[in-house]
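**Student:** Handing you this structure, nothing more for now.
The values are calculated or read from the model by the stated rules, or taken from the named source; none is laboratory data. Quick caveat, the model's predicted, so the values are computed rather than measured. All Cβ positions, even for glycine, are placed from backbone atoms using ideal geometry, and neighbour counts span all protein chains on display.
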Amino acid sequence: MGRNRNKRDFWESAALNNATFRQYYNRLVELSISMFEWKNLPPTVDPRFLELTLFTDGQAVFFEDEVLGYLALQNAMGGSFDVYRIPINRRAYAVNGYQRQLTNKNSVIIYNNYLHTNSMLDVQMFAKRLYNLDRAIDVNANAQKTPILLLCDESEKLTLENIYK
């Protein structure tokens, strides 16, 4: 009985740890991708998708498609670089199979930040720190509810054991 309970407690604790991390991670991602308001974007550019792409990939490529209009899609860099280390050749792509070869003459790369990196690591690290603090508070609060030592007369022992349980 004791061993099975310990296993169950372990897995319940692990599940709660994971759920708490995911909760913080999702909330921080939500804050990350909604902190800016895009103005004057063409109606064919989805600001939510653009922010998600910048968050996960660190970059997106903006260009005009003759049929679909202006787009901001995921970008695969390729080829040589200009003097500022910006790729001259790029390929826009989408999950539906759309692909378009582009250059620095017909497209612009939008970067997430000056380092040209995504924000995923930052959010993961902050989510982990927050979940650790949150779970430490839970463990401490539960420990406060459980006294370690009970002093009583022998006649009160059974009553206190039942209350303790």
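**Student:** Scanning for something in contact with a Gly (Cβ under 7 Å, 6 or more places away or on another chain), outside the structural domain of S13 (by TED's automatic domain parsing), farther than 25 Å from E30 by Cα and surrounded by 13 or more Cβ atoms within 10 Å (Cβ to Cβ), does the stretch 92-113 turn up at least one residue?
**Tutor:** Taking every residue of the stretch 92-113 in turn, none turns out to be in contact with a Gly (Cβ under 7 Å, 6 or more places away or on another chain), outside the structural domain of S13 (by TED's automatic domain parsing), farther than 25 Å from E30 by Cα and surrounded by 13 or more Cβ atoms within 10 Å (Cβ to Cβ).
**Student:** Please go through (1) in the same structural domain as Q23 (by TED's automatic domain parsing); (2) farther than 30 Å from N18 by Cα for L71 and return the number of the only condition it doesn't satisfy.
**Tutor:** (1)
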